[in-house]
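Shown next, in structure tokens, is the structure this report addresses.
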Amino acid sequence: MVNGMGRGIFGIRTRRNSDKLPDAQINSSFFVFVILIIISSVFLILDTMGYTSRVKNAGLSIFSGIRGGIHEVGSFFSRTVLSISELSNLRKEHADLLEQLDRFEELERSNAEIYQENIRLKEQLGFSRTLRYRRIPAQISGKDPDNLFSAVVINKGSSSGVSNNMTVVAWQNGSQALVGKVIQTGVLESLVMPIFDINSNVSSRLSVSRFEGIMEGQGNSEIPLLLRFIPRRARDEINIGDIVVTSGMGGIYPAGINIGRVNKINILEYETTLEIEVVPMLDFSRLEYVFVIESENIDYDEKEKTDYDSAGLDDG
């Protein structure tokens with residue numbers, strides 16, 4: 001009984017203590033639970049706020065990157081299109097500038113050519129006014145297709161008063177010299193045989209010693225002419241550089257027209273005459289303008305001036 005009571009007592013006590021302990025435990029647990037809920041809520045709020053901020057920042061970064069990328073792409077295409085347009089404009093401007101440069105260079109060349117042509121024409125004009133003969137100005141327009149190395153064609157014919165055997169002269173480097181003679185005449189053009197032609201023979205005279213001979217061509221303007229039949233005794237009176245002129249004998253070439261200068265004197269054995277090499281005064285490779293003259297001494301009139309102007313040789 002004692003044990004039962006004890007058990008009973010203890011049991012009652014135990015039951016009483018059990019009745020009291022759960023309430024305390026509940027209160028204590030509830031208090032702890034509330035605390036934990038508050039703490040968890042705080043951490044959750046704090047964590048939620050940080051996550052939201054991170055999400056917001058991440059979203060802002062993403063959208064900013066996308067917007068920046070779109071802007072860069074748009075700017076790239078805009079710059080590309082603009083660059084292509086500018087390149088096209090630059091190419092067009094470059095082509096225009098090159099075309100203008102070509103025109104300027106052409107004008108410069110034309111002006112230089114006109115200037116040089118004007119100088120040559122003025123020289124021809126000055127020479128023409130000093131001639132004592134009727135003169136017909138002409139321009140070399142070609143060469144004889146059957147004789148490319150000698151005969152030349154001039155742009156004046158019978159319609160301008162040119163006829164066979166008329167003398168042709170030119171002005172070059174400040175001096176007058178003999179070109180040759182007309183051998184064939186057309187209406188508008190004539191054929192001239194120059195003095196270096198192998199068939200050319202010109203009665204000539206040494207201007208200082210006054211010895212006479214016959215000037216013969218050798219078929220090429222680069223080869224000296226040959227003055228033949230000069231007496232051997234004239235050797236001591238002839239010097240290198242002496243001028244040889246036309247003698248006027250034969251009635252074809254007027255007297256006193258320059259031909260060339262003595263370049264070499266050959267003494268031929270068993271011969272009574274000398275053979276003299278003469279370099280022409282004219283450079284036939286640069287010959288452009290000539291004058292066809294007659295031996296009659298006449299005045300310079302307006303008709304001749306008209307003929308002169310028609311060849312393009314004027315004061316301008």
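The values are calculated or read from the model by the stated rules, or taken from the named source; none is laboratory data. Quantities reported herein were computed from a predicted structural model and do not represent experimental measurements. Cβ atoms come from the backbone with ideal geometry, glycine included; neighbour counts cover every protein chain shown.
When each of Gly241, Gly213, Gly219 is tested for being within 21 Å of Thr273 (Cα to Cα) and part of a loop (DSSP other than H, G, I, E, B), the lone residue that passes is Gly241. There is no residue in the range 289-299 that is within 30 Å of Glu237 (Cα to Cα) and modelled with pLDDT under 90. Beta carbons closer than 9 Å, at least 6 apart along the sequence or on distinct chains, pair a first residue in the range 149-171 that is farther than 15 Å from Ile257 by Cβ with a second that is of a type in the set (Phe, Trp, Tyr) for Phe149/Phe196; Ser150/Phe196; Val152/Phe284.
Can you name the residue in the range 270-296 that is charged (D, E, K, R) and outside any helix (DSSP H, G or I) and is also nearest to the chain's Cα centre (by Cα) among such residues? Selected residue: Glu288. Among all residues of the range 217-235, there is none that is crowded, with 17+ Cβ neighbours inside 10 Å and among the acidic types (Asp, Glu). Which of the residues that make up the range 193-210 are touching a residue at least 60 places away in the same chain (Cβ under 8 Å) and part of a loop (DSSP other than H, G, I, E, B)? Ile195, Phe196 - these are the residues of the range 193-210 that are touching a residue at least 60 places away in the same chain (Cβ under 8 Å) and part of a loop (DSSP other than H, G, I, E, B). Condition first: free of Cβ contacts under 8 Å to residues at least 40 places away in the same chain and more than 19 Å from Ala255 (Cβ to Cβ). Now tell me which residues in the range 218-244 satisfy that. Selection gives Gln218, Glu222, Ile223, Arg233, Arg235, Asp236, Glu237, Ile238, Asn239, Ile240, Gly241.
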